[in-house]
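Enquirer: Okay, here's the structure, questions in a sec.
The values are calculated or read from the model by the stated rules, or taken from the named source; none is laboratory data. Since we're looking at a predicted model, the values are computed, not measured. Note that we place each Cβ from the backbone using ideal geometry, even for glycine, and neighbour counts take in every protein chain shown.
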Amino acid sequence: MSKNMKNSNIPIITYKDSGVDIDKGNKIVSDIAAITKSTSNKGSIGELGGFGGLFDLKKCGFKDPILVSSTDGVGTKLKLAIKTKTYFNVGIDLVAMCANDVLAQGAKPLFFMDYYATGQLDKSIAIEVIKGIAEGCKQSGCALIGGETAEMPGHYKKNDFDIAGFCVGAVERKNVFNKNAVKTGDCVIGLSSSGIHSNGYSLVRKILETHSINIFEKCEFDKNKSLAEILLKPTLLYTKAFLAANKNNKVKSISHITGGGLIDNPPRSFNENLTLKFDMKNFKLPPLFKWLKNKANISLYELAKTFNCGIGFLIFVEKKDAKIIINDLNKVGYNAFLIGSIIENTSNQNVVFDGWNF
């Protein structure tokens, strides 16, 4: 028998029979070409579908750039997205979690790539997620230059999927943020979050399970919205805030409030000899976070160590610049306010809260 002839006694098993449909994957690449093109910027080169995404840094006008990269996912918020069949917002979340981290180094986001993995490829779901990613790219000013769609039967359940993102930005060497630039007496500006953003959802889901809460019903603290709408609100992108605040290079440092909340994130933005003193006397904890605290029956400290508590971004500036920068931030659509100051570390604590009793 010829080597090229099939053995009639052995069943034919193709890649598609194993659960991987290459043709369907290729069709999705074709369908998202127009979506990715809508995110193009000055540095975008080439078309989708190559072995790597290309980007021309020189066209963006940098003279002596340092590249800054970040990678992240959206965690178990995906479980709620899958349960509610709302996929667009988690695409925005994915970009925000990466792009906001790039901003925290003083860099402007330039391009983004995504990784989408699933047990069985559902074109409608994948397209909706990628549309959300494209929207996040537009809001952050970066180009979606490529990605990977992986069909992995047996590794993921049929309707499950996971997403990861990769963002690269750039900053002129002389303008890279240095946490040692933050000094005693500096002011800290807070920017409101849009909600929980993309951290702490394992606790959120535990609360829902423990109290048998139906997320499709109107929530206790906002009768106009379902709890699902509130919990799946996308992470706010802070690129426009960064550009407005730092237009004259007055920003000293930035903290993106992600996992670890207001306790663990801020100290990454200044040296250990200093303390951020939050002035919480006039800060009103948003109803969503009050609800989470009460349902979980946790301390204010535990809440602040898990969630952003309504403050998604911190900007460190000199006292003389604070008022002008706050005005500039509010002009471009953010809710900015003075939330604290930098003092000497005399208590071996890098973060203290004036007005909150733990």
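Enquirer: Given the residues GLY119, GLY61, which is the only one that is out of contact with any Gly (no Cβ under 8 Å at 6 or more places or on another chain), modelled with pLDDT under 95 and surrounded by fewer than 22 Cβ atoms within 10 Å (Cβ to Cβ)? Please lay out each step first, then the result.
Expert: Values: GLY119 fails: out of contact with any Gly (no Cβ under 8 Å at 6 or more places or on another chain).
Just one listed residue meets the conditions, GLY61.
Enquirer: Would you confirm whether any residue within the range 272-287 is in contact with a Phe, Trp or Tyr (Cβ under 7 Å, 6 or more places away or on another chain), in the same structural domain as GLY190 (by TED's automatic domain parsing) and either surrounded by fewer than 18 Cβ atoms within 10 Å (Cβ to Cβ) or free of Cβ contacts under 8 Å to residues at least 40 places away in the same chain (or both)?
Expert: Yes, there is a match, as at least one residue in the range 272-287 is in contact with a Phe, Trp or Tyr (Cβ under 7 Å, 6 or more places away or on another chain), in the same structural domain as GLY190 (by TED's automatic domain parsing) and either surrounded by fewer than 18 Cβ atoms within 10 Å (Cβ to Cβ) or free of Cβ contacts under 8 Å to residues at least 40 places away in the same chain (or both).
Enquirer: Looking at GLY200, GLY190, GLY169 in this structure, which one is out of contact with any strand residue (DSSP E or B) (no Cβ under 8 Å at 6 or more places or on another chain) and under 24 Å from ALA104 (Cβ atoms)? Full working, then the answer.
Expert: Values: GLY190 fails: out of contact with any strand residue (DSSP E or B) (no Cβ under 8 Å at 6 or more places or on another chain); GLY169 fails: out of contact with any strand residue (DSSP E or B) (no Cβ under 8 Å at 6 or more places or on another chain).
It is GLY200.
Enquirer: Does GLY46 satisfy the criteria of being buried (at least 17 other Cβ atoms within 10 Å of the Cβ) and at pLDDT below 90? Can you show your working first?
Expert: On the way: buried (at least 17 other Cβ atoms within 10 Å of the Cβ): no; at pLDDT below 90: yes.
So GLY46 fails the test.
Enquirer: Checking the conditions here, which among ILE133, ILE127 is in contact (Cβ under 8 Å) with a residue 60 or more places away in the chain and closer than 29 Å to ASP56 by Cβ? Even if it seems obvious, please write down each step before you answer.
Expert: Working: ILE133 fails: in contact (Cβ under 8 Å) with a residue 60 or more places away in the chain.
Going through ILE133, ILE127 in turn, the sole match is ILE127.
Enquirer: Right, here's the next one. Filter the range 30-43 down to residues that are crowded, with 16+ Cβ neighbours inside 10 Å and either among the β-branched types (Val, Ile, Thr) or not in a loop (DSSP other than H, G, I, E, B) (or both), then give me how many there are.
Expert: Within the range 30-43, the subset crowded, with 16+ Cβ neighbours inside 10 Å is 32, 35-36, 39, 41, 43.
Now narrow it down to the ones that are either among the β-branched types (Val, Ile, Thr) or not in a loop (DSSP other than H, G, I, E, B) (or both): 32, 35-36, 39.
The total comes to 4.
Enquirer: I would also like to ask the following. What are the residue pairs meeting all of these: first residue in the range 179-194, first residue at positive phi, second residue part of a loop (DSSP other than H, G, I, E, B), Cβ atoms under 9 Å, and 6 or more apart or on different chains?
Expert: Once the first residue is at positive phi and sits in the range 179-194, its partners that are part of a loop (DSSP other than H, G, I, E, B) give GLY185/GLU318.
Enquirer: When the range 216-263 is examined, which residues are found to be outside any loop (DSSP other than H, G, I, E, B), over 22 Å from the mean Cα position of the chain (by Cα) and under 22 Å from ARG205 (Cβ atoms)?
Expert: LYS218, CYS219, ASP222, LYS225, SER226
Enquirer: Exactly one of these conditions fails for GLN105: (1) buried (at least 21 other Cβ atoms within 10 Å of the Cβ); (2) over 23 Å from LYS27 (Cα atoms); (3) among the polar types (S, T, N, Q). Give me its number.
Expert: (1)
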